[in-house]
Amino acid sequence: MRIGYIVVVFFFFLIQTESWGGLGLKVNGTEYVSLKEVAGKLGLKRDWIQRRNRILLQSKWTRMEFEVHQRDIRINKVRVFLGFPVTYHRSDLYISRLDLKDTIYPILTPQIGLPVPNLKRIAIDAGHGGKDPGTQNAKLGLLEKHLVLDVSRRLGVILEGKGYEVVYTRERDRYIGLTDRVQNANRRGVDLFLSIHFNGIDSPRVAGSETYVFTPRNQPSTRNKSVGASARKYYAGNKNNNWSTLIAFYVQDEMIRQLGTVDRGVKRARWTVLRDLTCPGIMIEAGFITNPTEGRKIKEAAYRQKIAKVVSEGILRYHKTLVRLRKR
Ligand SMILES: [Zn+2]
């Protein structure tokens, strides 16, 4: 009786969650596309790394790894979070069409995002400030608000040296609301918004770098499994999702390769500071000050200079891509 019940529930679950029609696979109402189709569209070769579990799509230039049930994939070794998990169906792995459109295409075929934006004026947003200290490590005497202001200044100097016009949302230890930061940047007509942060968490073991983009429409953020009401809305920050994803990918790639930090991925969240931006924007969490090893590094001015340098190199890569696309 009990087994019969489980079997019935199991089949009911299958019918509920998966349907196979002329258009393709749907899981919980989300349309999925096979990696065979993705490989065909992008001109990549598809191979199982481990049958039913992991697939590699590759060409001379590109290498993407997918694992069943996971939301994070690897694009050229960089960890990138999708909105929906990879799923197995009929001898193939599938990803959601939204993830293909909102995350994979913007990174691998950025020309789909035309028109190409300019890159001249860059806003650097040092997180927190004044009464808001951000995260901290009391043992090492670290306050996020001071460290991010320092990195922001260093980054600003490098970018000005490369000919960019830099706008700061704060230049001293001062509290500024999140909405004011965004409105200020929008009003000044910036082409890119970089919010600089350090991470903190209760567990001292956690370390690494992560870069956030504003969550694409109709998709869950990395923290959530399902699509909430806020996902249905279209925010100003959604308009530049493609370009934000591309620059997040470059910055994350530079950080993990050059700083040697743990790759926590390109993630998505509906942060207020990215929500109403009228230009591409990302939030950079370069490391955890609550991790003793990483905290000690971040305490050193030379390491903070390196973070600024590495982030600037991600921006230069992004700019090169824009120039290349404009020539097409
Ligand atoms: Zn912060």
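The values are calculated or read from the model by the stated rules, or taken from the named source; none is laboratory data. Computed from a predicted model, the values in this text were never measured in an experiment. A quick note on method: Cβ atoms are made from the backbone with ideal geometry, for glycine too, and the neighbour counts reach across all protein chains shown.
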**Study point:** Neighbours by Cβ (under 6 Å, 6+ apart or cross-chain): first from region 194-218, outside the structural domain of Gln252 (by TED's automatic domain parsing); second away from the ligand (no atom under 13 Å from the Cβ)
**Key:** none
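Mind telling me which of the residues Ile247, Ile307 ends up being within 16 Å of the ligand (Cβ to nearest atom) and buried (at least 23 other Cβ atoms within 10 Å of the Cβ)? Break it down stepwise before answering.
Values: Ile247 fails: within 16 Å of the ligand (Cβ to nearest atom).
The conditions single out Ile307.
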Practice item. Could you tell me whether region 113-127 includes any residue that is farther than 18 Å from Asn184 by Cβ and within 16 Å of the ligand (Cβ to nearest atom)? Key: no
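Right, Arg223: touching a residue at least 12 places away in the same chain (Cβ under 8 Å), within 16 Å of the ligand (Cβ to nearest atom), surrounded by fewer than 17 Cβ atoms within 10 Å (Cβ to Cβ) and over 13 Å from Leu274 (Cα atoms) or not?
Details: touching a residue at least 12 places away in the same chain (Cβ under 8 Å): yes; within 16 Å of the ligand (Cβ to nearest atom): yes; surrounded by fewer than 17 Cβ atoms within 10 Å (Cβ to Cβ): yes; over 13 Å from Leu274 (Cα atoms): yes.
Yes, satisfied.
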Review point. Looking at (1) buried (at least 17 other Cβ atoms within 10 Å of the Cβ); (2) on the phi > 0 side of the Ramachandran plot, which is the one condition that is false for Ile256?
Key: (2)
Exercise for review: Inspect region 108-120 for any residue being of a type in the set (D, E, K, R), within 17 Å of Arg326 (Cβ to Cβ) and surrounded by fewer than 19 Cβ atoms within 10 Å (Cβ to Cβ) and give the result as yes or no.
Suggested key: yes
Exercise for review: May I ask you to list pairs of residues, at least six apart or on different chains, whose Cβ atoms are under 6 Å apart, with the first in region 301-316 being under 23 Å from Leu246 (Cα atoms) and the second being not β-branched (Val, Ile, Thr) and not in a helix (DSSP H, G or I)?
Suggested key: Ile307/Ala286
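Quick one: would you say Asn199 is within 16 Å of the ligand (Cβ to nearest atom) and either modelled with pLDDT of 95 or more or within 24 Å of the chain's Cα centre (by Cα) (or both)?
Against the criterion (within 16 Å of the ligand (Cβ to nearest atom) and either modelled with pLDDT of 95 or more or within 24 Å of the chain's Cα centre (by Cα) (or both)), Asn199 qualifies.
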Study note, to complete from the structure: Reported set for region 81-124 where residues are modelled with pLDDT under 95, closer than 30 Å to Arg170 by Cα and of a type outside the set (S, T, N, Q) is Val116, Pro117
Practice item. Output the strands (runs of 3 or more DSSP E) that fall wholly within region 71-153 and possess 2 or more residues being touching a strand residue (DSSP E or B) at 6+ places or on another chain (Cβ under 8 Å) and of a type outside the set (A, V, I, L, M, F, W, C), or say none. Key: 72-75, 87-89, 92-96, 121-126
Exercise for review: Hey, could you check region 37-91 for residues that are farther than 21 Å from Val27 by Cα and of a type in the set (S, T, N, Q) and say which is nearest to the chain's Cα centre (by Cα)?
Suggested key: Asn76
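Tell me the residue from Tyr94, Tyr88 that is buried (at least 20 other Cβ atoms within 10 Å of the Cβ) and hydroxyl-bearing (Ser, Thr, Tyr), please.
Numbers: Tyr88 fails: buried (at least 20 other Cβ atoms within 10 Å of the Cβ).
None of the others qualify; the one that does is Tyr94.
For Ile307, are the conditions met, namely being of a type in the set (Val, Ile, Thr), touching a Gly at 6+ places or on another chain (Cβ under 9 Å), assigned to a helix (DSSP H, G or I) and in the same structural domain as Ser230 (by TED's automatic domain parsing)? First the steps, then the outcome.
Working: of a type in the set (Val, Ile, Thr): yes; touching a Gly at 6+ places or on another chain (Cβ under 9 Å): yes; assigned to a helix (DSSP H, G or I): yes; in the same structural domain as Ser230 (by TED's automatic domain parsing): yes.
Spelling it out, Ile307 is indeed of a type in the set (Val, Ile, Thr), touching a Gly at 6+ places or on another chain (Cβ under 9 Å), assigned to a helix (DSSP H, G or I) and in the same structural domain as Ser230 (by TED's automatic domain parsing).
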**Study point:** Any chance Asp173 is over 24 Å from Arg71 (Cα atoms), part of a loop (DSSP other than H, G, I, E, B) and acidic (Asp, Glu)
**Key:** yes
Exercise for review: Kindly indicate whether any position in region 185-193 is touching a helix residue (DSSP H, G or I) at 6+ places or on another chain (Cβ under 8 Å) and either within 16 Å of the ligand (Cβ to nearest atom) or assigned to a loop (DSSP other than H, G, I, E, B) (or both).
Suggested key: yes
